[in-house]
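Report on one structure; see the data block that follows.
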Amino acid sequence: MASISLQGVTKKFGNGFQALHGVSVDFAPGSLTAIIGPSGAGKSTMLRMINGLELPTSGEVKVADRVVNRLNLREVRGDVGIIFQHYNLVSRLSVMTNVLTGRLKYRSWVGSMLYLFRKNDMDHAFQALDRVGLLDRAWDRADKLSGGQQQRVGIARALAQQPRVLLADEPVASLDPVTSEEIMQLLREICDRDGITVIVNLHQVDLAKRFASRVIGLNAGQIVFDGSPNELDQRTFDQIYHTKKEADDEQQPAPLLAHA
Amino acid sequence: MNNSLPLCWPTRNGLPSIAVVIAFVIVGGLLTWAAPIAEIDPLRLVASIPRLLSFLGNILVMPDIEYLTELLRKMIETIEMTLIATSIALAISLPLGFLAAKNTSPHPVVFHVTRSLLSFMRALPELVWALVFVSAVGLGPLPGVMALSFVTVGFMGKFFAESIEVVDAKPIEGVEAHGAGWLQVRTYAYLPQAMPDFIGSTLYILDHNLRAAAILGLVGAGGIGYDMVMAMRLFDYDRILGIALAIYLIVTLLDRLSGHFRGRVI
């Protein structure tokens with residue numbers, strides 16, 4: 001089982017924006033954790049680091065006792081599947097081929113240059129598509145599917161690679177409430193049945209409360225809340241979504257009211 | 001109804017932006033300055049109308065029927081040269097395109113070297129390269145094919161590289177994030193996304209190459225060009241008309257076919 005650990009992780013981008021300020025956190029194997037917080041709090045950066053899509057400026061990210069660095073990206077990514085807000089499918093390829101890209105880490109470059117896969121890759125892809133209920137759309141072009149279906153293809157692609165960790169970067173931010181519910185249920189089931197460690201970035205606090213066994217609140221690149229969903233009350237909610245601007249406003253509310 | 005209201009541009013003061021005015025003045029000035037250098041002289045054009053008409057009168061004759069079989073043979077040779085040259089160029093340009101695109105090149109040095117190589121290849125027109133290759137390998141379609149492929153790689157490689165540079169980055173991240181290797185990301189994320197542009201460029205280049213192949217015979221590099229030039233020099237208007245019609249026919253046919261094909265793929 002893959003445990004994940006972040007130790008004093010900071011991230012400063014080229015434009016000078018510091019997304020994370022010394023974050024340290026561990027994720028237990030086989031758990032479902034939701035990360036919530038205002039936009040720009042560093043949720044995506046933190047998640048993407050676990051897949052090596054961003055590398056820390058300082059501190060270290062460990063996935064299954066392997067410190068993520070520039071050289072072992074492929075190995076780490078082999079263990080860590082990820083789904084995205086905008087699905088990030090290759091729209092001109094068939095659903096099947098998109099799912100099969102999750103198998104590329106098992107294939108040598110010679111065969112895959114010619115779009116050749118092995119029989120067992122196809123089996124895994126079919127299983128994954130069956131799991132997300134899209135077997136009948138396997139041969140359609142990915143961009144012919146609805147948003148919710150495309151997200152399920154994204155999940156199937158991640159499942160096809162047989163990951164030990166599944167990251168989801170705002171997976172339901174572009175979806176309607178009913179579809180969001182289905183996607184979250186699917187993630188919960190993947191966590192429970194396969195023992196895959198799932199980490200989800202969410203904007204919907206109610207979804208986090210209902211589906212996660214642990215909630216982490218991020219604000220301005222720091223962890224401000226870490227606990228079980230039922231510990232989330234109005235006070236902690238305010239703490240998490242408290243922005244600096246609001247803090248300034250609170251200090252001098254009188255003039256604003258006077259104008260109103 | 002509102003026609004009586006004053007017209008204005010969508011700017012702060014309703015006047016055209018100063019940058020646009022300056023651009024127009026500069027371009028207009030350049031053109032007036034350049035026209036005499038390029039011998040753009042309306043009077044001369046008007047004066048030459050009778051001569052133009054007499055030439056057109058000469059060309060409107062019955063095409064040379066006896067020449068038809070030879071014409072057909074030469075046209076097929078021209079088309080074959082085009083297809084072979086474009087295919088060879090396609091096979092070479094595809095990898096070069098990936099090396100010459102900023103986002104897929106393995107190293108900035110490789111990027112710059114490939115880009116320079118491509119500009120060198122298309123620096124001179126096909127005809128000049130054909131001359132070079134004719135002196136190297138002798139007369140016939142072979143130097144023609146070599147020259148065509150050479151220049152086509154220069155253009156195609158650049159077109160491909162530019163198509164690769166504008167693909168959407170999100171699907172690339174999607175494929176990359178699942179542990180795909182360097183070549184795999186290029187095969188599964190960049191290539192399919194750039195494919196419509198690739199097909200468009202290739203069809204355009206095919207069209208261009210057919211017309212280029214039609215004049216390579218001028219320097220003895222095969223195709224219909226030699227006959228065309230000879231007919232011009234000997235004032236064989238019946239032949240020229242036949243050749244012109246044949247080229248027009250093939251180019252139009254190719255255009256229709258490629259349009260149809262494009263519609264199906266994209």
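The values are calculated or read from the model by the stated rules, or taken from the named source; none is laboratory data. Keep in mind the model is a prediction, meaning the values are calculated, not measured. Don't worry about glycine lacking a Cβ; one is built from the backbone with ideal geometry, like all the others, and counts go over all protein chains shown.
Each residue in region A:89-120 was checked for being within 9 Å of chain B (Cβ to nearest Cβ), within 14 Å of residue A:141 (Cα to Cα) and not in a helix (DSSP H, G or I), and 5 of them qualify.
When residue A:20 is tested against (1) outside any strand (DSSP E or B); (2) more than 29 Å from residue A:192 (Cα to Cα); (3) of a type outside the set (S, T, N, Q), just one condition goes unmet, and that condition is (1).
Matching residues to (1) within 30 Å of residue A:164 (Cβ to Cβ); (2) within 23 Å of the chain's Cα centre (by Cα):
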position: B:111; (1), (2): no, no
position: B:119; (1), (2): no, yes
position: B:124; (1), (2): no, yes
position: B:164; (1), (2): no, yes
position: B:181; (1), (2): yes, no
position: B:196; (1), (2): no, yes
position: B:211; (1), (2): no, yes
position: B:214; (1), (2): no, yes
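The set of residues in region A:121-175 being of a type outside the set (S, T, N, Q), part of a loop (DSSP other than H, G, I, E, B) and more than 16 Å from residue A:51 (Cβ to Cβ) consists of A:132, A:133, A:134, A:138, A:139, A:140, A:145, A:172, A:173, A:175. Taking the conditions (1) surrounded by fewer than 17 Cβ atoms within 10 Å (Cβ to Cβ); (2) β-branched (Val, Ile, Thr); (3) at pLDDT 95 or above in turn, residue A:178 satisfies each one other than (3). Among the residues making up region A:42-65, a single one is on the phi > 0 side of the Ramachandran plot and within 9 Å of chain B (Cβ to nearest Cβ): A:52.
Tally up the residues in region A:76-88 that are small (Gly, Ala, Ser) and either in a helix (DSSP H, G or I) or more than 10 Å from chain B (Cβ to nearest Cβ) (or both), please.
Going through region A:76-88, the residues small (Gly, Ala, Ser) turn out to be A:78, A:81.
With either in a helix (DSSP H, G or I) or more than 10 Å from chain B (Cβ to nearest Cβ) (or both) added as a condition, the list becomes A:78.
Summing the residues that are small (Gly, Ala, Ser) and either in a helix (DSSP H, G or I) or more than 10 Å from chain B (Cβ to nearest Cβ) (or both) in region A:76-88 gives 1.
Against the condition within 26 Å of residue B:124 (Cβ to Cβ) and exposed (fewer than 12 other Cβ atoms within 10 Å of the Cβ), how does residue B:233 come out, does it pass? It is true that residue B:233 is within 26 Å of residue B:124 (Cβ to Cβ) and exposed (fewer than 12 other Cβ atoms within 10 Å of the Cβ). Confirm whether residue A:68 is buried (at least 22 other Cβ atoms within 10 Å of the Cβ) and more than 10 Å from chain B (Cβ to nearest Cβ). For residue A:68, the condition - buried (at least 22 other Cβ atoms within 10 Å of the Cβ) and more than 10 Å from chain B (Cβ to nearest Cβ) - is met.
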